[in-house]
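Reading through the structure tokens given below for one structure.
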Amino acid sequence: MRWLDERDTGVNAPPPDDADVGIVWHWVVLERDRAARAAAVAQRHEDQLAQVSEPMRTHHQRFADRYRQIEQRHLAAARLQALHAARLQKWAQDPHGHGELRPVFMAAVAAMLGVDSAAVTLFGRQRAQAMVATSDPTAQAAHELESVLGEGPTTDATASGAVVVAAGPAVGSRWPRYGAAVAELGVLAVVATPLTLPTVCLGALCGFDSRSSLHDGVAASADKVADALTHTVLLNSRAAGEAEGIPRLPLFDEADYQAVVHQAVGMVSIQCDCDIDDALAMLRARSFADGRPVAVIAQQIVDGTLRLY
């Protein structure tokens with residue numbers, strides 16, 4: 001394995017003191033190599049444009065555009081992972097010097113988006129949450145509020161299939177209950193974009209910021225980061241890494257997998273003789289009424305210490 005330098009990532013990358021740091025840097029190299037291969041294919045098709053006539057020109061242009069998109073996807077993934085690796089590297093060299101917790105990958109996602117905090121939510125069947133990964137307590141709390149209130153940026157982004165941006169008074173105007181609640185957390189602006197494949201929406205990436213306005217390119221930035229997360233980090237990393245003999249990419253070990261919520265919803269559905277959507281709504285309502293996270297209510301239901309009727 002070779003280590004990256006400033007020419008590769010824009011950050012210094014000395015040999016790591018932490019095993020996970022080495023794995024992440026190795027994946028940065030892999031993503032940049034993939035980007036280079038895609039760029040080479042795109043260039044071959046672009047070179048053909050001046051030498052062929054229609055309809056072959058259209059054919060080559062389509063392939064060139066496609067491989068340029070793949071190139072940008074892998075470059076974005078490499079930048080994300082390099083940012084995370086650099087933070088891990090710094091922490092590994094002095095993990096206790098400043099009392100800081102081990103950096104999580106979602107903090108790098110937030111930095112690349114240009115916001116304070118970020119969350120990724122993945123959905124399973126009946127659109128129940130399957131996984132949540134957050135950068136910090138603010139992102140976790142904002143996500144929990146949306147789960148309880150049933151409105152917010154993730155809900156709208158996954159329903160519309162488009163990027164959602166709201167800042168300042170627009171947050172409260174668009175989502176009256178959610179806007180007021182997240183304002184108490186210090187969140188004054190949000191951006192959310194769906195994590196999509198051609199036939200399915202896997203979930204959403206959401207960014208939260210304490211400023212009352214977001215930079216002009218935030219929607220485009222969110223779209224690029226979401227594309228990289230969907231097609232490289234979330235879907236391809238594990239299988240591709242195993243095929244090439246590289247250890248699993250340790251990016252979402254901090255994720256909150258919501259298996260207990262799925263189980264609790266199923267139990268409530270049976271106990272109350274209602275469908276899954278109604279059971280989830282009952283879970284959220286109890287969470288809101290008690291002022292406790294959905295996951296806590298769900299665990300109590302699974303443990304048999306709480307019933308909703």
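The values are calculated or read from the model by the stated rules, or taken from the named source; none is laboratory data. Please read these numbers as outputs of a predicted model, since none were measured by experiment. Cβ atoms come from the backbone with ideal geometry, glycine included; neighbour counts cover every protein chain shown. When the accessible area is computed, the model is the full protein with side chains, heavy atoms only, and any ligands, DNA or RNA have been set aside. Shrake-Rupley method; radii C 1.70, N 1.55, O 1.52, S 1.80 Å.
Things worth noting here:
- The gain in end-to-end length when the residue 309 to residue 52 segment is fully stretched comes to 85.4 nm, 0.36 nm per residue minus the alpha carbon separation.
- Using the Cβ-Cβ distance between residue 216 and residue 275 with R0 = 30 Å, the FRET efficiency computed as 1/(1 + (r/R0)^6) comes to roughly 0.10.
- In this rough spin-label picture, where each label sits 7 Å from Cα along the Cβ direction, the residue 223-residue 184 distance is 3.6 nm.
- Convex hull volume of the C-alpha atoms in region 18-90, normalised per residue: 54 Å³.
- When the surface is traced with a 1.4 Å probe over the full set of protein chains, residue 46 keeps roughly 60 Å² accessible.
- Solvent-accessible area, 1.4 Å probe, carbon plus sulfur percent, for region 49-121: 55
- For region 142-201, the Cα gyration tensor yields ellipsoid semi-axes of 21, 12, 9 Å (square root of five times each eigenvalue, largest first, whole Å).
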